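Participant: So that we are looking at the same thing, I have put the structure below in structure tokens.
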Number of protein chains: 2
Amino acid sequence: MNYQDISNPSLQSWVDVPQGSDFPIQNLPFGIFSKGNNASRVGVAIGEHVLDLAVLMEEGFFDELSLKDGSVFHESVLNPMIALGKDATRAIRGRVADILKSDNPELRDRTDLHKEALHLQKNCKMYLPLHIGDYTDFYSSIEHATNVGTMFRDPKNALLPNWKHLPVGYHGRASSIVISGTPIIRPLGQTKDAEQELPVFGPSKRLDFELEMAFVVGKNTSMGQRVSTQEAENYIFGFALFNDWSARDIQTWEYVPLGPFLAKNFASSLSPWIVTLDALEPFRVATPVQEPAVLPYLQFEGLKNFDIQLEVYLQPEGSSETKICSSNFKYMYWNVNQQLAHHTVNGCNIKIGDLMASGTISGPTPDSYGSMLELAWKGTKPLKMADGSERRFINDGDTVIMRGFAQKGTMRIGFGEVSGKVLPAN
Amino acid sequence: MNYQDISNPSLQSWVDVPQGSDFPIQNLPFGIFSKGNNASRVGVAIGEHVLDLAVLMEEGFFDELSLKDGSVFHESVLNPMIALGKDATRAIRGRVADILKSDNPELRDRTDLHKEALHLQKNCKMYLPLHIGDYTDFYSSIEHATNVGTMFRDPKNALLPNWKHLPVGYHGRASSIVISGTPIIRPLGQTKDAEQELPVFGPSKRLDFELEMAFVVGKNTSMGQRVSTQEAENYIFGFALFNDWSARDIQTWEYVPLGPFLAKNFASSLSPWIVTLDALEPFRVATPVQEPAVLPYLQFEGLKNFDIQLEVYLQPEGSSETKICSSNFKYMYWNVNQQLAHHTVNGCNIKIGDLMASGTISGPTPDSYGSMLELAWKGTKPLKMADGSERRFINDGDTVIMRGFAQKGTMRIGFGEVSGKVLPAN
């Protein structure tokens, strides 16, 4: 099945997909999972299940694709599969759609195979699905940059002079990117409040999340090669939710002049399912108007933003979730094509599995801000939790949960969630 | 032979080591090389030769070490060998010293093996010797930070408030770190001079080098684990020369507020031989006095700087080299133990093969500054080349060569060189 046909809302699967599921047959995101004592391998989410591609491969379900390398489904990261190329991964996803559609008996009627090939997600363990060579974080939400500039600099000149001319970005730490569900230990570090004469050392007192999306690089370049905005999507495999945990007090003291370092590199969390660019096709929307006009290498044509609803929930220890943010990926001032064109315009090479995150995604209204820093406005407007407690930043024992989905009528392409519970400093 | 004994200046090898060689038997650095059609593998430099550890392994020379995994010498990076642990790599280097010392006939008299096991360096190809998971760059030279602060901010307050309280660092790009000798393509990018109203796009006009040393992480940590200054050296495998190429005009426009990005990530160059920490033992010197006192987690005992002479040469196309800088690694205000303790104090995990660079190493005198920016003082004091031409920054066709060595009497522990020729923007 070709990727456009998979997006047809009337397509249905013989695997039960509950209403409101993030993973209908139109989605089919890739992840790395294990079940029981089996080694981790490639799976595709469908409804509440994971389809085991390694088992399907062994049973001959992918024979017709003549893949260059069938062992990719047995790998513990998606990189080797992605390295087969976009034609191949499209063919794999197309074949999976084919296998799963209601009227195809191939696997549907092989009930003997279901126990091996189709697992309940709740019985599976998910893993960081990528070997991430390099991780880049952008700063592409104009609302977020304006909020930060307003709080810490001058409300009248909230945006720095370069902000509307280039998608500001910086390098982050790849080693400390963890899969959703991994506990986050509150970082220790140096901080210095304005009224303090000397810095002090201790657990961060202003631990924050950043609501982000990240895209996965799907194709290598060589040094010296540039990727144009027009070609950029050939180099993007898919998207996931990303929480760029931040210690605001450490950040304030350390970040001038070379940028955030220990305030960020203690942990970032990634959601387990990589939703392909193809699955998001129906949700393309225009990028906000860019004024002043950008330089030619950043100009682009077509709909390059995506209408993806984003939500953040905070769950205090032993209590229920409170929704604290509703934002949308469509607010991004700089789109991913521009980010990639900018990143490579100097000849910087990119590699399959590199992760490029959006930066905090804030919307125009106070309930759409993508960080506690903004939601509680530097601690001046504490957030009320369902259990009656208040939050200025994240407390020990709090779990931060981000969810994301694109919706059109009854068709919902979801990302699942990225969550992390904060443990006390050790 | 134990590592202290290798440092004995009277130790000699049966392999000829010319006077002034960087690679006497007291050094024995590790690298990755290939000869002819052989696959790349682990080698050790001795005089003008490379000793092929893969061949020695096959011939049984390492049998007595009972290594957990003998295939490490056949790998295309040093990471698996380093992962055997410091005891093992010390034993390997000790055994190599044993095999090479004058009075040991084992290999000396196996002349049949010499052609296979001992290659002239000039006939070998060298490779990036590491899989670099993450690359961090510090900013630890007080002279460099002071020079930059003087040029771009206020000479009276050249150092930013945090500078003497923590070793400022930031994350760089791992994918574009290349082995010495790789040509460097002049980057394109956005720049905006103060007098320009809008940014312009084109080849960088202020291409620069940064004279740095980098250390290689030799042991993994888990997230949440801290490495103390006391333990730090257990996590350091060795050192190399590092050129952190920088486009000053791109940097000026992009780096506020999140730090350098495209100004740096187009390329960094690493020298091919990793000199072990053990080989540098005789060259320990005191760290400069740190005043004000640093926080307890940054305090340390003992001699933690290294007296390593560093030189930079510039060779215009078709002309001879001009020495443009003589600096020394001993000037570092923050030592590597402090850098590593700081990097992990928030629980950030490190991995074998991670590279941590010093930042530009400038000394106290104008001829010891470690970048063109400082040597030519923002272009106001052009440097004279041997061929009569002048340089404010790096021209197309210029080759920048950095050399480093520690010397005590006739004993010289050298790093070889890291070089790169600048090609025109493409």
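Only the coordinates and a few stated rules stand behind these numbers; no lab work does. Everything numeric here is computed off the predicted structure, so don't read it as measured data. Here the Cβ is made from the backbone with ideal geometry for all residues, glycine too, and neighbour counts use every protein chain on show.
Participant: Let me check I've understood the local charge: for A:ASN234, count other residues with C-beta under 14 angstrom from its C-beta, Lys and Arg +1, Asp and Glu -1. What total comes out?
Facilitator: So the environment of A:ASN234 carries a net charge of +1.
Participant: Of the cross-linked pairs B:LYS35/B:LYS115; A:LYS351/B:LYS35; A:LYS156/A:LYS192; B:LYS264/B:LYS323; B:LYS125/B:LYS304, which ones have a Cα-Cα span greater than 22 Å in the structure shown? Each step should come with its number before you reach the end.
Facilitator: Numbers: B:LYS35/B:LYS115 11 Å; A:LYS351/B:LYS35 28 Å; A:LYS156/A:LYS192 26 Å; B:LYS264/B:LYS323 24 Å; B:LYS125/B:LYS304 34 Å.
Cα-Cα > 22 Å for A:LYS351/B:LYS35; A:LYS156/A:LYS192; B:LYS264/B:LYS323; B:LYS125/B:LYS304; rest within.
Participant: Whose Cβ in chain A comes nearest the axis that rotates A onto B, and by how many Å?
Facilitator: A:GLY259, 1
Participant: Could you please report the charge total around B:PRO105, scoring K, R as +1 and D, E as -1 over all other residues with beta-carbon less than 14 angstrom from its beta-carbon? The partial results should precede the final answer.
Facilitator: Numbers: positive: B:LYS101, B:ARG108, B:ARG110; negative: B:ASP98, B:ASP103, B:GLU106, B:ASP109, B:ASP112.
Neighbour charge sum, excluding B:PRO105 itself: -2.
Participant: If you average 1/r over all unlike Cα pairs in chain B and invert the result, what Kirkwood radius do you get in angstrom? All intermediate terms of the calculation are to be shown ahead of the outcome.
Facilitator: Details: mean 1/r = 0.0450 Å⁻¹.
With all distinct Cα pairs of chain B included, I get 22.2 Å.
Participant: Hey, another quick one. How big is the gap, in Å, between the Cα center of region B:300-328 and the Cα center of region A:17-84?
Facilitator: For region B:300-328 versus region A:17-84, the Cα centre distance is 52 Å.
Participant: Quick check on the exposure proxy: order B:ILE361, B:ILE350, A:ILE236 from fewest to most C-beta atoms within 10 angstrom. The partial results should precede the final answer.
Facilitator: On the way: B:ILE361 29, B:ILE350 25, A:ILE236 21.
Listed from fewest to most nearby Cβ atoms, that is A:ILE236, B:ILE350, B:ILE361.
Participant: Scan chain A and report its longest stretch carrying no GluC sites (Glu not before Pro) that are both in a DSSP loop and have at most 12 other Cβ atoms within 10 Å.
Facilitator: On the way: sites that count: A:GLU195, A:GLU197, A:GLU301, A:GLU317.
Of all site-free stretches, the longest is A:1-194.
Participant: Given a Förster distance of 25 angstrom, what is the FRET efficiency for A:ASP103 paired with A:GLU281, based on the Cβ-Cβ distance and rounded to 0.05?
Facilitator: Working: r = 23 Å, r/R0 = 0.94.
The value I calculate is 0.60.
Participant: Still on this structure: Once R0 is set to 30 Å, what does the formula 1/(1 + (r/R0)^6) return for the Cβ-Cβ distance between B:VAL289 and B:GLN12, expressed as a FRET efficiency to the nearest 0.05?
Facilitator: Given R0 = 30 Å and the Cβ-Cβ separation, E is 0.15.
Participant: Apply the Karplus parameterisation 6.51 cos²θ - 1.76 cosθ + 1.60, with θ equal to phi minus 60°, to every residue of region B:63-70 and state each ³J(HN,Hα) to the nearest whole Hz, in sequence, with x for glycine and proline.
Facilitator: Running phi through 6.51 cos²θ - 1.76 cosθ + 1.60 with θ = phi - 60° gives 3, 5, 7, 6, 5, 4, 8, x Hz.
Participant: If I model a spin label as a point 7 Å beyond the Cα along the Cα-Cβ vector, how far apart are those points for A:ASP5 and A:LYS323 in nm?
Facilitator: Result: 3.7 nm between the two label points.
Participant: Same structure, new question: Which distances in nm, rounded to one decimal and ordered from shortest, link the label point of B:GLU281 to the equivalent label points in the other identical copies, with labels set 7 Å from Cα toward Cβ?
Facilitator: 6.5
Participant: What are the nm distances, shortest first, from B:THR365 to its equivalents in the other copies, labels at 7 Å along Cα→Cβ?
Facilitator: With the label placed 7 Å along Cα→Cβ, B:THR365 yields 6.8 nm.
Participant: May I ask you to sort A:VAL148, B:VAL256, A:VAL217 by Cβ crowding, counting other Cβ atoms within 10 Å and putting the fewest first?
Facilitator: So the residues, fewest neighbours to most, are B:VAL256, A:VAL148, A:VAL217.
Participant: Between A:LEU383 and B:LYS381, what FRET efficiency follows from the Cβ-Cβ distance if R0 is 51 Å, with the result rounded to 0.05? Before the final figure, lay out the partial values.
Facilitator: Details: r = 56 Å, r/R0 = 1.10.
With R0 = 51 Å, the Cβ-Cβ based efficiency is 0.35.
Participant: I would also like to ask the following. Give the nm distances, rounded to one decimal, from B:SER326 to the matching residue in every other copy, measuring between label points 7 Å along Cα toward the beta carbon; shortest first.
Facilitator: Nearest to farthest, the other copies are at 7.1 nm.
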